[in-house]
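Q: One structure follows; several queries about it will come next.
Taken together, the values in this text are just the output of simple stated rules run on the coordinates, not laboratory data. Since this is a predicted model, take the numbers as computed values, not measurements. For neighbour counting, all protein chains shown are included, and Cβ atoms are generated from backbone atoms with ideal geometry for every residue, glycine included.
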Amino acid sequence: MKISPAFEEATFIKRYKRFFADIELNDGSELTIHCANTGSMKNCLTPGQPCWFSRSDNPRRKLPGTLEIITTTGGRLAGVNTARPNKLVVEAIENGVIGELQGYGVLRTEVRYGEENSRIDILLEQGESQCFIEVKSVTLEASGKLARFPDAVTARGAKHLRELMLVVEQGQRGVLVFCVQLSDIEEVAAADEIDPLYTQTLAKAMAAGVEVLVYGCSLSADEIVIDRKLTFLALPSV
């Protein structure tokens with residue numbers, strides 16, 4: 001995903017009321033921008049660290065920009081705009097980067113499905129074959145080159161796993177894609193200590209045939225792109 005115009009660099013001050021972030025521009029002035037992330041952003045909120053933001057030319061917007069990339073406590077870059085991962089995965093599918101999701105002639109997004117009033121992030125179709133894809137953004141760094149998901153309790157995430165299990169039961173593919181917008185990561189694991197129910201549900205989903213794919217991104221001020229497959233660490237059996 002090419003970014004044009006490129007993100008502007010600033011210094012992160014704080015995030016508050018979930019959707020607001022204060023930053024310091026290069027000229028020393030402060031600016032309040034939108035934070036499009038409903039998670040805890042654990043290990044991503046370090047005052048005084050470099051961050052990058054996009055500006056909006058929409059005069060009706062209350063806030064002039066959006067927080068895009070931030071420097072973690074461990075010095076990594078983390079893409080924190082959760083509006084981007086779905087588009088990144090679509091682009092990676094269309095460009096053949098995600099080999100496991102090739103061979104479908106139709107790609108649709110935000111399609112209603114399931115029994116719990118859900119929308120699937122991406123639906124691939126070829127004839128009568130369908131592949132239902134849920135995308136989750138990973139930004140929680142752990143030790144070494146390990147990242148974890150989720151960074152906060154996610155009842156919505158558990159619901160999506162139940163929906164994917166139903167899809168598999170009905171004879172179609174159900175796929176969970178972890179889009180890792182975090183630099184220098186090689187492995188991803190479930191954050192059992194944060195949301196044990198999600199971990200348990202994920203283990204059940206995988207045992208039922210839901211596929212888990214993990215792909216990492218390269219991040220810069222002018223481009224974010226999925227460019228490598230990562231490892232998902234095994235869950236305890238259920």
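Q: State whether the stretch 8-75 is rounded, prolate or oblate according to the following rule on the C-alpha gyration tensor (a ≥ b ≥ c being the square roots of its eigenvalues): a/c under 1.5 gives rounded; otherwise a/b larger than b/c gives prolate, and the remaining case gives oblate.
A: Working: a/c = 1.96, a/b = 1.29, b/c = 1.53.
Cα axes put the stretch 8-75 in the oblate bin.
Q: Only four residue types carry charge here, +1 at the Cβ of Lys and Arg and -1 at the Cβ of Asp and Glu. Report the dipole size of the stretch 85-232 about the Cα centre in Debye, rounded to the nearest 20.
A: Values: 14 positive and 24 negative charges, 55 e Å.
Dipole about the Cα centre, nearest 20: 260 debye.
Q: Taking the Cβ-Cβ separation of residue 36 and residue 73 as r and a Förster radius of 25 Å, what is the calculated FRET efficiency to the nearest 0.05?
A: Details: r = 21 Å, r/R0 = 0.84.
Given R0 = 25 Å and the Cβ-Cβ separation, E is 0.75.
Q: Enumerate the lysines that residue 204 could reach by cross-link, defined here as Cα to Cα under 28 Å, with residues fewer than 8 away along the same chain left out.
A: Correct list for residue 204: 42, 87, 136, 145, 159, 229.
Q: Spin-label point model (7 Å from Cα, Cβ direction): what's the residue 143 to residue 27 distance in nm?
A: Placing both labels 7 Å beyond Cα along the Cβ direction yields 4.7 nm.
Q: For residue 233, what is the net charge nearby, where nearby means another residue's Cβ is under 15 Å from its Cβ and Lys, Arg count +1, Asp, Glu -1?
A: On the way: positive: 145, 148, 229; negative: 141, 186, 187, 192, 193.
Combined, the nearby Lys, Arg, Asp and Glu give -2.
Q: Also: Helix 196-207 against the longest principal axis of the chain: what's the angle in degrees, Cα atoms only, rounded to the nearest 10?
A: The helix 196-207 is inclined about 40 degrees to the chain.
Q: Further question on the same structure: Determine the calculated [θ] at 222 nm for the chain from helices alone, applying -39500 (n - 2.57) to every DSSP H run no shorter than 4 residues and normalising by the residue count; nearest 500 deg cm²/dmol.
A: Values: 3 runs with 37 residues, N = 238.
Counting only the DSSP helices, I get -5000 deg cm²/dmol.
Q: Please give me the summed charge of the neighbours of residue 48: other residues whose Cβ is under 13 Å from its Cβ, Lys and Arg +1, Asp and Glu -1. Show your work: numbers first, answer last.
A: Details: positive: 14; negative: 22, 24.
Here the count lands on -1.
Q: Considering the options 178, 231, 167, tell which one lies farthest towards the positive end of the dipole of the stretch 85-232, charges being +1 on Lys and Arg and -1 on Asp and Glu at the Cβ, about the Cα centre.
A: Checking the options against the dipole of the stretch 85-232, the answer is 167.
Q: Taking Cα atoms, how many degrees apart are the long axis of helix 155-169 and the longest axis of the chain, rounded to 10 and kept between 0 and 90?
A: The angle comes out at about 30 degrees.
Q: Mind checking which of 51, 131, 179 has the largest fluctuation in a GNM of the chain, springs on alpha carbons under 10 Å?
A: 131
Q: Tally Lys/Arg at +1 and Asp/Glu at -1 over every other residue whose Cβ is under 12 Å from the Cβ of residue 85; what's the total? Present the calculation step by step, with values, prior to reporting the outcome.
A: On the way: positive: 84, 87, 136; negative: 91, 121, 134.
In short, 0.
Q: Further, regarding this structure: Have a look at the DSSP beta bridges in the chain and tell me what percent are antiparallel, nearest 5. Write down the numbers at each step before the final one.
A: Working: 43 of 64 bridges.
Taking every DSSP beta bridge within the chain, about 65 percent pair in antiparallel fashion.
Q: Let me ask you something else. Could you give me the ³J(HN,Hα) list for the stretch 138-145, computed from phi with Karplus coefficients 6.51, -1.76, 1.60 and θ = phi - 60°, whole Hz, x at Gly and Pro?
A: Values per residue, Gly and Pro as x: 10, 9, 8, 7, 10, 8, x, 10 Hz.
Q: Using only Cα atoms, find the angle between the long axis of helix 85-94 and the longest principal axis of the chain, and express it within 0 to 90 degrees, rounded to the nearest 10.
A: That works out to roughly 60 degrees.
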